[in-house]
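Worksheet for the structure shown next.
The values are calculated or read from the model by the stated rules, or taken from the named source; none is laboratory data. From a predicted model like this one, the values you see are computed outputs, not experimental measurements. Here the Cβ positions follow ideal geometry from the backbone for every residue, glycine too, while neighbour counts run over all protein chains shown.
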Amino acid sequence: MTILAATDGTDWSMAAVEWAAIEAQRRHTPLRIVHAFDWDWHESRFDIGNEYVDVSRHLAEGLLAEAYDRARECAPDVGIETEALIGQATPQLLEAARGAELLVVGGRGRGGFTGLRLGSVSHRMAAHSPCPVVVVHGHDVPGGPVIAGVDDSPAADQVLGAAFDEAAVQGCDLIILRSLAPAIPPWLADVRRADLLSPEDRAAKLRRIEDQLAPWHDKYPGVRTATVLTHDTAASALILSSRKYRLVVVGSRGHGAVGGTVLGSVGLQLLHHAACPVLIVRGEAAR
């Protein structure tokens, strides 16, 4: 298993390479850095074709060499390989991610529109990647904990597994956030809710969460946890507090996701607005 980092040469993607290198060193896992460059095969009919692809490949190799140096500086003991992929970025990265332990991408790329926090390729990777995806934008807090947004959907155990694993690998505390807000239409999001829990109901909710966490505490006895209950939506609570954390972990789908979508509303909002890296947990249980 390897950690896969995608780069297009932008500062955002180079930050993703550095994050992936540090993660690979923590996990004692090889790192593979890839760059996809699109080359229209129709141009190969003409004399310019071979010259074009040679120039493009040369630029790609230079970009990958810089990414390699950045990764090596962050992770001197990690096995690192680089590869230039010919073709459109999305299908090439989706294929490269098969069998990877983790895919790491930058929050923005070339051609991004001003005001949009998430690039189109990063969005597609988060929505369709066959493996978990970390989108790096903003800055993580080295001394901060990992935070996981958990509900009672079938994806919860997979999110907890990834969150406990990250906290164990990074040697930090884990915060479990559970939103008590009901799924309501966006236009009612700011309406004050009257369904606040009584102290007894709140205590019962905490006990159920502790029961949910029990097997993970047994598996990861060194990870300290704290549970936070909020009446805000999960997305707003996680975004608001993301400046204090090193990583936010959520599932690719959960309660309140629109039917037919491949990325839940919480994950999508986090990818656009979180102030630290976001891990989208994917797989059969999270879909």
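Just a few scattered comments:
- Of all residues in region 216-237, exactly one satisfies the criterion of being more than 18 Å from LEU271 (Cα to Cα), among the small types (Gly, Ala, Ser) and touching a strand residue (DSSP E or B) at 6+ places or on another chain (Cβ under 6 Å), namely ALA226.
- Unique residue being part of a loop (DSSP other than H, G, I, E, B), at pLDDT below 95 and surrounded by 14 or more Cβ atoms within 10 Å (Cβ to Cβ) when the list is TRP39, TRP12: TRP39
- Flag if ALA183 is within 28 Å of VAL134 (Cβ to Cβ), at pLDDT 95 or above and loosely packed, with under 15 Cβ neighbours inside 10 Å: no
- Residue pairs whose Cβ atoms lie under 9 Å apart, sitting 6 or more positions apart in sequence or on different chains, and linking a residue in region 269-287 that is surrounded by 19 or more Cβ atoms within 10 Å (Cβ to Cβ) and assigned to a loop (DSSP other than H, G, I, E, B) to a partner that is among the basic types (Lys, Arg) and at pLDDT below 85, are ALA274/ARG117.
- Residue-level analysis places ALA226 among those that are at pLDDT 90 or above and either part of a strand (DSSP E or B) or over 30 Å from GLU23 (Cβ atoms) (or both).
- Residue satisfying all of: in region 109-132; part of a loop (DSSP other than H, G, I, E, B) and modelled with pLDDT of 75 or more; nearest to LEU270 (Cα to Cα) among these: PRO132
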